[in-house]
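Visitor: Below is a structure I'd like to ask you about.
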Amino acid sequence: MMTEQPPPDSAGTREPSRIMPHAYWAFLALHHKPYLEYARVLLGDEKEAESVVHATFVHLAAIWAHLTAQPNMAAYAWAQHKLLVADELIISGREPAASATMAFDRATRAATTAVLRDFREQFRAQMDELENSIGLYAAMDRLPERQFDVMVLCYALKYITKQTADTMGITPATVRTLRCSARRRIATEMGLDIELGIEDEE
């Protein structure tokens, strides 16, 4: 089905036209919630998050033909959304904590709290000696970008493997591998004795 260029609204931005193809609205329905929750974790503000997600889907509507030509639509759209979140942080004067990996301060703290609880359950004796999360926070901040995103989606937002995979445009097996690699990397940096294989849940 053909699409038409969405008309500009009163603010000068372009709104998705209601005659966008059904595939666009299905894509929006699938990804709107995770995009919003991810933006809210990073930005710490509901209205800012809603504004960024709205801008993301307006942008995706405008480039829909280009998007559908991509070999991995979900991964391409996820990257576009993350760029808009990064832009919002910079515009509002909040620089990324680690611009090379997009590991933002607020998201790192949110995920760190959940990961710390998880590690304490598995490594209670060792974690009793690590009552503060400073080492864990620093290790989270240094994770490669995709490992970091998986940890935020899985731990801070409590997404199951399939939801995380669908959001990032990767396979469930890749999510499990990234999560396992991230946990091993964090544990190694913190000096924890950890033996992890590929995770098997969900």
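The values are calculated or read from the model by the stated rules, or taken from the named source; none is laboratory data. All values reported here derive from a predicted model rather than from experimental measurement. Reconstructed Cβ throughout: ideal geometry from the backbone, glycine too, with neighbour counts over all protein chains shown. All accessible areas refer to the heavy atoms of the entire protein, side chains included, with ligands and DNA or RNA removed. Shrake-Rupley method; radii C 1.70, N 1.55, O 1.52, S 1.80 Å.
Visitor: Residue pairs, Cβ under 9 Å, 6 or more apart or interchain, first in segment 186-198 and open to solvent by 20 Å² or more (accessible area, probe 1.4 Å), second at pLDDT below 75 and among the β-branched types (Val, Ile, Thr). List them.
Guide: Note: pairs meeting the criteria are Thr188/Ile194.
Visitor: Within segment 52-62, restricting attention to residues that are open to solvent by 10 Å² or more (accessible area, probe 1.4 Å) and touching a residue at least 12 places away in the same chain (Cβ under 8 Å), which residue is nearest to Val85 (Cα to Cα)?
Guide: It comes out as Ala55.
Visitor: Sort out which residues of segment 18-65 are outside any helix (DSSP H, G or I) and closer than 20 Å to Met168 by Cβ, and write them in order of number.
Guide: The answer is Ile63, and nothing else.
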